[in-house]
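S.K.: Sharing a structure here in structure tokens format.
The values are calculated or read from the model by the stated rules, or taken from the named source; none is laboratory data. Predicted model only: the values in this text are computed from it and were never measured. Here the Cβ positions follow ideal geometry from the backbone for every residue, glycine too, while neighbour counts run over all protein chains shown.
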Amino acid sequence: MKIAILSRKPSLYSTGRLKEAGEKRGHEMHVIDYLRCYMDITAQNPKLHYQGKPLTGFHAVIPRIGASKTFYGTAVVRQFETMGVFSANESQAISRSRDKLRGIQLLSRRGVGLPVTGFANSTKDIDGLINIVGGAPLVIKLLEGTQGIGVILAETRKAAQAVIEAFCNLDANILVQEFIREARGSDIRCFVVAGKVVAAMRRQAPPGEFRSNLHRGAIAAKTRLTPEERSTAVRAARALGLNVSGVDIIRSKRGPLVMEVNSSPGLEGIEKTTGLDVASSIIEFIERAAAQGNTQDTVKG
């Protein structure tokens, strides 16, 4: 098969591992900077060009779209889909996962466990918003934030009021969520491929930090999932229509709760922590799915 990896940097661990895994299984792998692609949108014969040449003969693409480039990146994926090329994650699913509010609403509709979450527009509704999530301490999240950026723990009601009011006055869209104290700064990253958890790790935030992102100093370790945690991760990925995803869940008194679903999860942390070949799992999925030629998004909303 001829497979394109849509990535801006061939030197990234995830990009390199996917290329290596594909070549090891006999595929022709190409790393393509999606921001350098340009489109010929015509009836019956849509095309994509890259570095002055048409992109032809591809059987599948693996999108590795950066959060800040979602609009153009998904447009490129959509053009591949228009050309009949299978995408590991479809354009609609990627867009869905990048809209945190829409994602939470879809998870809620499917009955997936979530922290109590509030959303409002007016500063006149701040007190009601805080009450919805059970008061302080609470977590405030920018809708556009990634990798823990724009995530704030407000430990008192006054602090929460001040931060929410500041964001609202800046016209920044935020979510307010209950603080799950019993999680104690840890979460579980579940790597889901084709409706199956292929790897999982527990991440523990360093002292004085509540965000468990690895690049913020969190420590990762192997973990064993409960059947409920495994089911929650799979249901969350399915709710957003993602074939390949990283589902972050926390353990609470009322069971596993989904914090985020990532459509371009990194491979380095999960592979080095678990010792599992996650990249090959993705390639194996593409081998099966691309042969079916299914490029239609099946999730509504």
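S.K.: Which of the residues that make up segment 157-201 are closer than 23 Å to ALA218 by Cβ, outside any loop (DSSP other than H, G, I, E, B) and of a type in the set (Phe, Trp, Tyr)?
M.R.: Residue satisfying the conditions is PHE191 alone.
S.K.: Could you please find all residues in segment 97-114 being touching a Gly at 6+ places or on another chain (Cβ under 7 Å) and surrounded by fewer than 22 Cβ atoms within 10 Å (Cβ to Cβ)?
M.R.: Answer for segment 97-114, where residues must be touching a Gly at 6+ places or on another chain (Cβ under 7 Å) and surrounded by fewer than 22 Cβ atoms within 10 Å (Cβ to Cβ): LEU106, GLY113.
S.K.: Now for a separate question. Of all residues in segment 80-126, which are at pLDDT below 95, under 14 Å from SER263 (Cβ atoms) and in a loop (DSSP other than H, G, I, E, B)?
M.R.: ASP99, the sole residue that qualifies.
S.K.: Conditions first: (1) over 17 Å from the mean Cα position of the chain (by Cα); (2) within 24 Å of ILE250 (Cβ to Cβ). LEU55 passes all but one, so which condition is the exception?
M.R.: (2)
S.K.: Now for a separate question. Could you please give the count of residues in segment 13-63 that are assigned to a loop (DSSP other than H, G, I, E, B) and within 21 Å of GLU284 (Cα to Cα)?
M.R.: Count: 6.
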